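K.L.:
Sharing a structure, written as structure tokens. Questions coming.
The values are calculated or read from the model by the stated rules, or taken from the named source; none is laboratory data. Only a predicted model underlies this, so the values are computations on that prediction, with no experimental measurement involved. Positions of Cβ are backbone-derived with ideal geometry, glycine not excepted, and every protein chain shown enters the neighbour counts. Note: accessible area is taken over every heavy atom of the protein model, side chains too, but ligands, DNA and RNA are not part of it. Shrake-Rupley method; radii C 1.70, N 1.55, O 1.52, S 1.80 Å.
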Amino acid sequence: VGDFISEQDESDKAKNCVIGYKLAVDLFDNAVSAFDNSITIDGTTFSIIGVLQQMGTVTSGISPDEAIYVPYSTGSKYIFGKQINPQLTVVADSTDNVQTVIDNVTILLDENYPGASFTFSDAGSKMEAAQQSSRTLSMLLMAVAAIVFLVGGIGIMNVLFVSVKERTKEIGVLKALGMQRGHVLLEFLFEAVMISVFGGAAGVGLSILIIPLAERFGIRMEPALYAYTAAFGFAVACGTIFGFYPAFKASKLIPVEALTQE
């Protein structure tokens with residue numbers, strides 16, 4: 001709706017602006033009502049000479065639907081001042097043409113502003129770098145999880161071995177009275193699972209308590225139920241897997257040897 005900023009607006013430092021579709025709807029209910037209306041920016045009133053069509057997010061999180069466009073000379077005089085760093089956002093019609101567009105923009109800027117220096121930033125490259133960083137971070141987290149799994153499992157296994165060692169005679173008595181191997185295995189395996197259950201619950205509870213503390217230091221954290229469930233399940237699986245072997249060794253004890261062992 002309306003017109004875009006013209007060269008005349010630029011030369012006259014006109015207090016005209018063009019706003020995005022979503023901004024027009026939020027402020028004036030619809031694009032038609034926004035057109036030929038006015039808006040105040042930093043105490044300066046601007047006339048709305050146009051409203052853009054709805055576009056959505058274009059690049060780097062920039063959404064023309066929520067943007068306000070004013071003549072450069074007007075912005076320098078009334079809003080930003082002279083100490084500004086101009087930026088241009090150019091949208092290619094295809095990702096295959098990004099480099100071609102960069103080359104064309106470079107030639108155009110060099111022709112119009114000889115001797116000036118320009119810095120180009122490709123949003124696609126930034127996204128690729130962010131994805132690579134995310135993959136690297138995921139691999140590091142998986143490595144840490146594997147180490148935690150191994151260390152925690154060894155700890156549970158050692159506790160179970162000590163428990164079996166201290167209760168060898170008790171196991172011998174139980175087996176002499178007719179207790180089956182499977183029952184002995186389940187008894188010690190249940191102990192391992194309970195150790196991991198209490199450990200997992202303590203870890204989840206501690207993480208919940210840490211969230212407010214982390215947010216005080218500006219670290220944004222988004223707790224999720226599936227993450228707590230996965231962490232708790234991870235702990236239980238650790239206890240079950242590493243507790244099986246000590247429990248199996250306990251179930252294999254021969255009653256006579258167990259009763260005579262010091």
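K.L.:
Report the accessible area of E215, computed with a 1.4 Å probe over the heavy atoms of all protein chains in place, in Å² rounded to the nearest 10.
P.N.:
So the heavy atoms of E215 present about 100 Å² to solvent.
K.L.:
Given N residues in the chain, what is Rg(Cα) / (2.2 N^0.38 Å)?
P.N.:
Cα Rg divided by the expected 2.2 N^0.38 Å: 1.87.
K.L.:
With labels modelled as points extended 7 Å from the Cα through the Cβ direction, what inter-label distance (nm, one decimal) is found for S38 paired with A237?
P.N.:
A separation of 6.5 nm, rounded to one decimal place.
K.L.:
If DNA, RNA and ligands are ignored and the probe is 1.4 Å, what is the ranking of I68, I49 by accessible area, most exposed first?
P.N.:
Largest accessible area first, the list is I68, I49.
K.L.:
Residue separation times 0.36 nm, minus the C-alpha to C-alpha distance between E7 and K77: what's the value?
P.N.:
Length gained, E7 through K77: 23.6 nm.
K.L.:
Something else: What is the sum of charges around G2, taking Lys and Arg as +1, Asp and Glu as -1, for the other residues whose C-beta is under 13 Å from the C-beta of G2?
P.N.:
Within the 13 Å Cβ shell, the charges total -3.
K.L.:
Could you sort V51, V98 by their accessible area in this structure, using a 1.4 Å probe and putting the largest first? Display every interim value, and only then the final one.
P.N.:
On the way: V51 10, V98 40 Å².
Putting V51, V98 in descending order of accessible area: V98, V51.
K.L.:
If you don't mind, there's one more thing I want to ask. Wrap a convex hull around the Cα atoms of region 191-262, take a quarter of its surface area, and give that in square nanometres.
P.N.:
With the hull built on Cα positions only, its mean projection is 6.7 nm².
K.L.:
Just from its helices, what would the mean residue ellipticity at 222 nm be for the chain, if runs of 4 or more DSSP H residues each count -39500 (n - 2.57) and the sum is divided by every residue, rounded to the nearest 500 deg cm²/dmol? Intermediate values should be presented prior to the final figure.
P.N.:
On the way: 10 runs with 159 residues, N = 262.
After summing the helix terms and dividing by residue count, I get -20000 deg cm²/dmol.
K.L.:
For T119 and T45, what does the FRET efficiency come to when R0 = 30 Å and r is the distance between their Cβ atoms, rounded to the nearest 0.05?
P.N.:
Efficiency, from the Cβ-Cβ distance: 0.30.
K.L.:
With charges only on Cβ, +1 for K and R and -1 for D and E, what is the dipole size of the chain about its Cα centre, in debye, rounded to 20?
P.N.:
It comes to approximately 1940 debye.
K.L.:
Under a 1.4 angstrom probe, counting protein chains only, how are M142, M221 ranked by accessible area, largest first?
P.N.:
On the way: M142 135, M221 70 Å².
Order by accessible area, largest first: M142, M221.
K.L.:
Out of all DSSP beta bridges in the chain, what portion is antiparallel? Express it as a percent rounded to 5.
P.N.:
65
K.L.:
Per-residue accessible area for R167 at 1.4 Å probe radius, Å² rounded to 10?
P.N.:
Only protein atoms counted, so the area is about 50 Å².
K.L.:
Positive end of the dipole of the chain, charges at C-beta (+1 Lys, Arg; -1 Asp, Glu), about the Cα centre: which of N112, M179, V90 has its Cα farthest in that direction?
P.N.:
Going by the charge dipole, the pick is M179.
K.L.:
What is the helix-to-structure angle for 98-112, meaning the angle in degrees between its Cα long axis and the longest Cα principal axis of the chain, kept from 0 to 90 and rounded to the nearest 10?
P.N.:
40
K.L.:
In the chain, carbon and sulfur make up what percent of the accessible area (probe 1.4 Å)?
P.N.:
Using a 1.4 Å probe with all protein chains present, the chain comes out at 61 percent carbon and sulfur.
K.L.:
About its Cα centre, what dipole magnitude does region 101-172 give when the only charges are +1 on Lys and Arg Cβ and -1 on Asp and Glu Cβ, stated in debye to the nearest 20? Walk me through the intermediate numbers first.
P.N.:
Numbers: 5 positive and 7 negative charges, 178 e Å.
With only Lys, Arg, Asp and Glu charged at Cβ, the dipole is about 860 debye.
K.L.:
Can I ask one more? Could you state the accessible area per residue of region 187-256 in Å², with a 1.4 Å probe and every protein chain left in place? Before the final figure, lay out the partial values.
P.N.:
On the way: 4500 Å² over 70 residues.
Computed with neighbouring chains in place, this is 64 Å² per residue.
K.L.:
Give, in nm to one decimal, the length gained when the segment between A146 and E111 is fully stretched (0.36 nm per residue of separation minus the Cα-Cα distance).
P.N.:
Full extension of this stretch gives 6.9 nm more.
K.L.:
Also: Take the Cα gyration tensor of region 114-214, multiply each eigenvalue by 5, square-root it, and list the three semi-axes largest first, rounded to whole angstrom.
P.N.:
Its equivalent ellipsoid spans semi-axes of 55, 15, 10 Å.
K.L.:
Given the protein chains as shown and a 1.4 Å probe, how many square angstrom of R181 are accessible, to the nearest 10?
P.N.:
We get 130 Å² for R181.
K.L.:
Please work out how much length the chain gains when fully extended from Q87 to R135, using 0.36 nm per residue of separation minus the C-alpha to C-alpha distance, in nm with one decimal. Don't skip to the answer; put the middle values down first.
P.N.:
Details: separation 48, 0.36 × 48 = 17.28 nm, distance 3.04 nm.
Here the segment from Q87 to R135 would lengthen by 14.2 nm.
K.L.:
Let me ask you something else. All other residues with a Cβ under 10 Å from the Cβ of S251 taken together, and with Lys, Arg as +1 and Asp, Glu as -1, what is their net charge?
P.N.:
Net of charged neighbours comes to +3.
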